[in-house]
1. What's the number of the condition residue 130 fails, among (1) over 17 Å from residue 44 (Cβ atoms); (2) within 22 Å of the chain's Cα centre (by Cα); (3) touching a residue at least 40 places away in the same chain (Cβ under 8 Å)?
2. Name the single residue, out of those in segment 71-95 being touching a residue at least 24 places away in the same chain (Cβ under 8 Å) and surrounded by fewer than 16 Cβ atoms within 10 Å (Cβ to Cβ), that is nearest to residue 227 (Cα to Cα).
3. Keeping to segment 214-262, report how many residues are part of a helix (DSSP H, G or I) and in contact with a helix residue (DSSP H, G or I) (Cβ under 6 Å, 6 or more places away or on another chain).
4. Using the structure shown, decide if residue 173 is assigned to a loop (DSSP other than H, G, I, E, B) and at positive phi.
5. Go through segment 197-208 and give me each residue that's within 12 Å of residue 131 (Cα to Cα) and crowded, with 23+ Cβ neighbours inside 10 Å.
6. Restricting attention to segment 118-140, and to residues there that are assigned to a loop (DSSP other than H, G, I, E, B) and surrounded by fewer than 17 Cβ atoms within 10 Å (Cβ to Cβ), which single residue is modelled with the highest pLDDT?
7. For residues in segment 210-226 being surrounded by fewer than 22 Cβ atoms within 10 Å (Cβ to Cβ) and within 19 Å of the chain's Cα centre (by Cα), which is farthest from residue 95 (Cα to Cα)?
């Protein structure tokens, strides 16, 4: 139970501040670039790990939990509880954001002639779930589902690989455990700066699905989902999980043996 509380709390924290930064950017124009939002996300991840790592391994991400099971760093029997806790934490964070910002969202919709639940309401729904291409970047004309899956897989591959490199004893260049969360947060930030123009940069199925369900229940309906062909599942759930698993296998069978060679 202690571990599940930690996973739920940590995922709540990173989702609240991360999605909150997107909401502030959309509604109030307070952030001028992806880099600024990426830094907030990185700090949110860092703080969430520091707050909860005494309670749990601080995966805070289903893709990371699956990777740790594949890498035999966690028993498979713990996985369902971890996934449920992470989704609950993200859902509660999304609900709190809707509670805080709904009056501002309504004012924004009125000012821009947006009816919640229509295709145009993607402009506000992106504060909760993610979309490809990024609705906030007009310079990206189109992103196919296959490209979006690849982008999410690549971003998660880098994140999970760096987590192994920052925490495993075989890497003599790893940072001290007291500052490893900071480096993990920075990894999230740099991955967002690379991938966000394409897919808004998820890398975390809980962070996407929990708030997306809040939007669906909060009046956005079908507009809460990026397309009618299951794109949210393949891109924002399957993509990160695949990227994390591939990173784990690469670390276990290529990088770790190389690091252990003398």
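The values are calculated or read from the model by the stated rules, or taken from the named source; none is laboratory data. Keep in mind that this is a model prediction, so the values were computed, not measured. Heads up, the Cβs are rebuilt from the backbone with ideal geometry, glycines too, and the neighbour counts pull from every protein chain shown.
1. (1)
2. 84
3. Residues meeting the conditions: 23.
4. No; evaluated as a whole, the condition is false for this residue.
5. 199, 200, 201, 202, 208
6. The residue in question is 118.
7. 225
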